[in-house]
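J.: Next up is a structure, given as structure tokens.
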Amino acid sequence: MYNEKVLENFRNPQNVGEIPDADGVGTVGNASCGDIMQIFLKIENGIVVDAKFKTFGCGAAVATSSMATQMIIGKPIEEVEKVTNRAVVEALEGLPPQKIHCSVLAEEAIKKALEDYRSKKAAE
């Protein structure tokens, strides 16, 4: 069902955890479907210098969280804003059709974390 790249990101996920003083945090999903994803961003001078995630869900949810954080670390906010669920799926070399929603959660979590970052900056 899953290709080797997805399995690798599920078995050995990168960037698991929390950033206590995160500049932006995005939480998406719902308990009824079983997938909850939280992405934490550390941003310096407009660059995502660190990203971590906490995900409660299936293997695809963990794998997409892992890949999404790998894709955005070191990137300027302008590039991070353009990360799509399709880009996450391509980086994982595909997902089963019934698991595409996990990549959508990853995209949405990144966007929510950026919104949180912007609202915090505006309040400064």
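Every number in this text was worked out from the coordinates using simple rules, so none of it is lab data. Every value quoted in this text rests on a predicted model; they were computed, and no experiment measured them. Every residue, glycine among them, receives a Cβ derived from its backbone with ideal geometry; neighbour counts consider all protein chains shown.
J.: ³J(HN,Hα) across the range 39-48 via Karplus (A = 6.51, B = -1.76, C = 1.60, θ = phi - 60°), whole Hz, x for Gly/Pro?
T.: Rounded to whole hertz, the list is 10, 10, 10, 10, 10, 10, 6, x, 10, 6.
J.: Using the Kirkwood formula on the Cα atoms of the chain, what hydrodynamic radius do you get, in angstrom to one decimal?
T.: 14.1 Å
J.: Something else about it: Assign unit charges at the C-beta atoms only (+1 for Lys and Arg, -1 for Asp and Glu), then state the dipole size of the chain relative to its Cα centre in Debye, rounded to the nearest 20. Before the final figure, lay out each step's value.
T.: Values: 14 positive and 18 negative charges, 38 e Å.
For the chain, the charge dipole is close to 180 debye.
J.: A 30 angstrom limit on the alpha carbon distance is what I want to check against. Which of K99/K121; K5/K121; K54/K120 exceed it? Walk me through the intermediate numbers first.
T.: Details: K99/K121 34 Å; K5/K121 36 Å; K54/K120 21 Å.
In this structure, K99/K121; K5/K121 exceed 30 Å between Cα atoms.
J.: Do any trypsin sites (Lys or Arg not before Pro) in the range 27-93 lie in a DSSP loop with no more than 12 other beta carbon atoms within 10 Å, and if so, which? Display every interim value, and only then the final one.
T.: Values: sites: K42, K52, K54, K82, R86; in loops: K82.
When the trypsin sites (Lys or Arg not before Pro) of the range 27-93 are filtered for loop state and at most 12 Cβ neighbours within 10 Å, K82 remain.
J.: Could you calculate the FRET efficiency of A123 with N3 from 1/(1 + (r/R0)^6), where r is the beta carbon distance between them and R0 is 41 Å, rounded to 0.05?
T.: After rounding, the FRET efficiency stands at 0.45.
J.: P(r) tail for the range 54-124, what percent of Cα pairs lie past 17 Å? Kindly include the intermediate steps, with their values, before the conclusion.
T.: On the way: 1015 of 2485 pairs.
That fraction is 41 percent.
J.: Under the rule of -39500 (n - 2.57) per DSSP H run of 4 or more residues, summed and divided by the residues of the chain, what mean residue ellipticity at 222 nm is obtained, to the nearest 500 deg cm²/dmol?
T.: -14000 deg cm²/dmol, from helical runs alone.
J.: Oh, and also: Report the Cα centroid-to-centroid distance between the range 1-79 and the range 88-114 in angstrom, as an integer.
T.: Going from one Cα centre to the other spans 10 Å.
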